[in-house]
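J.: Got a structure for you, written out below as structure tokens; questions coming shortly.
Laboratory data are not the source of any read-out in this text; all were calculated from the coordinates shown. For clarity, every value in this text was computed on a predicted model and none was experimentally measured. Here the Cβ positions follow ideal geometry from the backbone for every residue, glycine too, while neighbour counts run over all protein chains shown.
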């Protein structure tokens, strides 16, 4: 049966007006939120770097205000204008304009555009799906694109940067599960044991790295999933083995890139851009079943560092932007 949303419910609402930029839990009605042909009762969302930028106003993420934060959502359909979704169906959405051009998942109820809604695959709970979230989907899409370009475990070790973050930690788990030897870079040496438990065979301190200045340095890795960018990515380009692949999926270390054509035309490496928010639906339909099956992270409970509520969000965002996060934080409605 169709479930009616209550007349008002809680949402983490971001405003930017004459009173300034602010984000708080408010009572809202369904009619105040973005339109959509599927309505869900939200079970969980997650916290990504992009959510912290939007929630604090330190990044120009949202295109209009007021708007709910949260680029991820998992929940249960309460009503649908389409036959392919029925009340009671469990679904998820990651990226797809949430908390950018339409209200996001930090809300007890939400209307969604069905063109981005994915049925929750068998083998994943809503909590699992949001522990993975955009971060894990990005990690999985990185490996998906790398393997299309020929990456395989026999080539050699894969480097993961930003290893203690959401993308990095799930990337380590997925890669290890898929048969790759994983090397992890992190500035948090105290977490090396945690990274090893996720599947990292070698942990490297970011503070002890010296990339060198030559266009081509000694080739150390067969590929890389990089969520840092900046100088880190510049150095990695010169240190990838012939025919290796780099999946570039983040910019926490800056947007600049200093390299030459030498790694690309002498070693034949590929630099692959990963844009998970606008990933085509057909690819989402391939990747999410993998995340529920052969690529399902084996250490989700270890990666899920905490489960919080809407009222906790403001206290978490600043710490995340300062690099203090570990693994994934899930938001329970």
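J.: How high is the relative contact order of region 18-106? Use alpha-carbon pairs under 8 Å, at least six apart in sequence, and give a whole percent. Provide the component values of the computation, followed by the final result.
T.: On the way: 158 pairs, mean separation 28.6, N = 89.
Computed over region 18-106, the figure is 32 percent.
J.: What shape does region 242-302 have by the C-alpha gyration tensor, where a ≥ b ≥ c are the square roots of the eigenvalues, rounded means a/c under 1.5, and otherwise prolate means a/b greater than b/c and oblate the rest?
T.: Numbers: a/c = 2.02, a/b = 1.88, b/c = 1.07.
Cα axes put region 242-302 in the prolate bin.
J.: Counting pairs of Cα atoms in region 134-273, how many percent are more than 21 Å apart?
T.: Details: 3196 of 9730 pairs.
That tail contains 33 percent of the Cα-Cα pairs.
J.: Please order 99, 7 by the number of other Cβ within 10 Å, starting at the fewest. Numbers along the way, then the final one.
T.: Values: 99 29, 7 9.
So the residues, fewest neighbours to most, are 7, 99.
J.: I've got another one for you. I'd like the orientation of helix 281-292 relative to the chain: the angle between its Cα long axis and the longest Cα principal axis, in ° from 0 to 90, rounded to 10.
T.: For 281-292 against the chain, the angle is about 80 degrees.
J.: Report the Cα centroid-to-centroid distance between region 33-76 and region 135-206 in angstrom, as an integer.
T.: Between the Cα centres of region 33-76 and region 135-206 lies a distance of 27 Å.
J.: As I understand it, the value is the acute angle between the Cα axis of helix 126-148 and the longest principal axis of the Cα atoms of the chain; what does it come to in degrees, rounded to 10?
T.: Taking Cα atoms only, the helix is inclined about 40 degrees.
J.: Measure nothing fancy, just the Cα-based angle from helix 166-177's long axis to the longest principal axis of the chain, in degrees from 0 to 90, nearest 10.
T.: Tilt relative to the chain: about 60 degrees.
J.: Which of 207, 183 comes first, and how do the rest follow, when ranked by fewest Cβ neighbours within 10 Å? The partial results should precede the final answer.
T.: Numbers: 207 8, 183 23.
By the 10 Å Cβ count, ascending: 207, 183.
J.: To continue, here is another question. Among 149, 227, 186, what is the fewest-to-most ranking by other Cβ atoms within 10 Å? Before the final figure, lay out the partial values.
T.: Working: 149 14, 227 28, 186 24.
Listing 149, 227, 186 from fewest to most nearby Cβ atoms yields 149, 186, 227.
J.: Next up: Taking 8 Å as the Cα distance limit and 6 or more residues as the minimum spacing, I'd like the relative contact order of region 171-283 as a percentage.
T.: Numbers: 184 pairs, mean separation 22.2, N = 113.
Averaging sequence separation for qualifying contacts and normalising by length gives 20 percent for region 171-283.
J.: Kirkwood Rh over alpha-carbon pairs of the chain, then Stokes-Einstein at 4 °C and 1.567 mPa s: what D in µm² s⁻¹, rounded to an integer? Please list the in-between numbers first.
T.: Details: Rh = 20.3 Å.
My calculation gives 64 µm²/s for D.
J.: Still on this structure, I have one more. When only Cα pairs under 8 Å and 6 or more residues apart are kept, what is the percent relative contact order across the chain?
T.: On the way: 775 pairs, mean separation 61.9, N = 333.
Computed over the chain, the figure is 19 percent.
J.: Right, here's the next one. Measuring from label point to label point, each 7 Å out along Cα→Cβ, what is the residue 282 to residue 2 span in nm?
T.: The modelled label-to-label distance comes out at 3.3 nm.
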